[in-house]
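The values are calculated or read from the model by the stated rules, or taken from the named source; none is laboratory data. Computed from a prediction, not measured in an experiment: that's the story for all the values here. Here the Cβ is made from the backbone with ideal geometry for all residues, glycine too, and neighbour counts use every protein chain on show.
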Amino acid sequence: MSVLNSNSKQCDRIRPHLDAYLSNELLAETTSDVLRHLEGCENCTRELETRTRVRDALRRAAMSQVVPEELRQSIQRQLRATRLGFLGGSRGLTWALALAGLAVVVLGGLAAQQWISLLRGRRVVAGVLALGVADHVQCAIKGHNYPDIANPPEVLRQKLGPQFAGVLEVVKQNLPGFEVLEAHICSVQGSPRKYVHFITRGHGTILSVILTKSEGVQLPNGTAFRSGASRSINLYEAHLEGMNAAGFESKGYLGFVVSDLDRNTTLQIASALAPPLKNALEAGPGSTAQMNTLHLSRLTG
Amino acid sequence: MPHFPDLYRTACLLAQEPAEGEDLVQEVYLEAWKSFHRFELGTNCRAWLFKILFHRLHHFRRRWTKAAKVEAFEKPEDQDGIVAETPVPQEIRDEDVLKALGRVPIEFREVVLLADVQEFSYREIAETMKLPLGTVMSRLSRGRKLLRRALAGVASSYGIRPDNEQARKGESA
């Protein structure tokens with residue numbers, strides 16, 4: 001190995017910049033310096049030419065790799081199957097139509113748009129379910145606003161007030177294996193939103209059942225966004241902050257089941273709870289409008 | 001599926017074998033589907049998908065790559081001086097480039113691919129690979145040099161004579 005050029009000091013100064021010059025990452029002033037040097041230095045010019053040639057050859061060789069269409073189709077099939085899994089195998093006709101629509105879109109070369117649209121829907125679902133997760137995490141997990149020994153039912157009914165006292169029994173009856181430790185009306189710091197919060201213990205963990213007024217917040221329509229249904233109530237799910245959350249809409253309310261149990265268990269619990277909760281909310285004295293009149297029996301989070 | 005060809009080609013050039021590359025791409029799209037709530041709308045979808053690809057790739061690699069190997073290659077030998085390199089042949093065939101690329105250690109290969117094939121900026125590469133900007137720059141410089149060296153080696157193993165005679169003249173000057 002030996003020195004290539006008599007003007008080695010200048011070459012020494014310029015050579016470290018050649019890679020950044022090749023990547024177009026140099027500042028304008030440094031680029032001028034490099035260009036000025038290249039005009040008068042044959043060796044550095046040749047060096048740059050070699051680097052450019054190798055880069056172009058690499059780009060060409062990499063792009064020459066054939067992309068297997070069957071792999072793309074296989075992944076698309078798996079993504080569809082994942083969505084079918086979320087659906088729980090119901091709503092055959094609607095889903096068949098959705099699949100047919102998807103196929104047309106894919107065949108029409110609009111797969112990318114479809115993909116983005118579906119993912120955006122999932123994001124909306126996650127955004128809504130984040131309400132329940134925030135209350136569970138702040139009030140139950142971080143705030144630890146529940147006793148080790150369950151509060152007596154009469155205390156819980158008092159905390160819930162007449163509007164939601166009846167819901168306590170609905171939660172108890174439809175949550176086998178769980179003990180309701182605490183029930184109250186709470187809010188999350190920084191938000192005026194109120195939550196009817198049932199904190200339960202079972203399966204070795206803490207699980208929250210939460211109701212809150214929709215107040216304009218909606219879960220997206222479309223079968224692809226749902227994770228299942230229970231007696232015509234659509235169920236949605238998301239994994240957020242280490243928790244699995246299942247949610248549903250019911251006559252102006254959003255309902256959530258949040259825990260660190262696995263996704264299927266959380267969905268099953270929500271599936272069992274959603275219909276009776278909906279009935280209780282519709283039938284009870286404290287349906288939609290009365291949520292506004294609630295006083296905060298306990299502020300948490 | 002957006003950016004499928006880019007992800008597939010990159011994965012196959014970084015995996016130990018094609019089937020592993022295919023598995024990687026598959027995992028990227030399934031992971032993207034499941035975790036789309038983490039994607040910030042309006043940001044670069046392509047960069048996000050590549051970030052998932054490298055996250056998965058590094059998960060795979062932890063099984064068989066040792067950090068010491070990277071450190072050994074990142075030693076100061078990387079200084080970009082004006083020392084004569086083995087000349088690269090004028091005509092470069094695709095198969096020779098791919099063969100030479102396979103000889104470049106993966107830590108350098110991935111940065112070279114992101115910069116030179118996928119045309120990501122240094123900053124995007126740093127974010128994608130969770131590396132400091134300086135490390136990206138040094139790995140790119142070193143990776144390109146290793147590729148040139150490997151390319152010259154592949155060509156000479158076939159008996160291809162480099163016609164960069166000027167460099168030889170300079171060496172004997």
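Exactly one residue out of A:GLY101, A:GLY85, A:GLY89 is outside the structural domain of A:ARG201 (by TED's automatic domain parsing), surrounded by fewer than 16 Cβ atoms within 10 Å (Cβ to Cβ), at pLDDT below 85 and assigned to a loop (DSSP other than H, G, I, E, B): that is A:GLY89. The set of residues from the range A:129-150 being assigned to a loop (DSSP other than H, G, I, E, B) and surrounded by 18 or more Cβ atoms within 10 Å (Cβ to Cβ) comprises A:ASN145, A:TYR146.
Count of the range B:1-22 residues, restricted to those that are part of a helix (DSSP H, G or I) and at the interface with another protein chain (Cβ under 10 Å from one of its Cβ atoms), is 12. Taking the numbered list (1) under 30 Å from A:PHE198 (Cβ atoms); (2) modelled with pLDDT of 65 or more in turn, A:VAL67 passes all entries but (1).
Going through the range A:196-219 one residue at a time, which ones are in contact with a Leu (Cβ under 9 Å, 6 or more places away or on another chain) and of a type in the set (Ser, Thr, Tyr)? Result: A:THR200, A:THR205, A:THR212, A:SER214. If you go through the range A:2-10 one residue at a time, do you hit one that is at pLDDT 55 or above and at the interface with chain B (Cβ under 7 Å from one of its Cβ atoms)? Within the range A:2-10 (the criterion being at pLDDT 55 or above and at the interface with chain B (Cβ under 7 Å from one of its Cβ atoms)), the answer is yes, since at least one residue qualifies.
Screening the candidates A:ARG59, A:ARG55 for the property of being in a helix (DSSP H, G or I) and closer than 18 Å to B:PRO5 by Cα yields one hit, A:ARG59.
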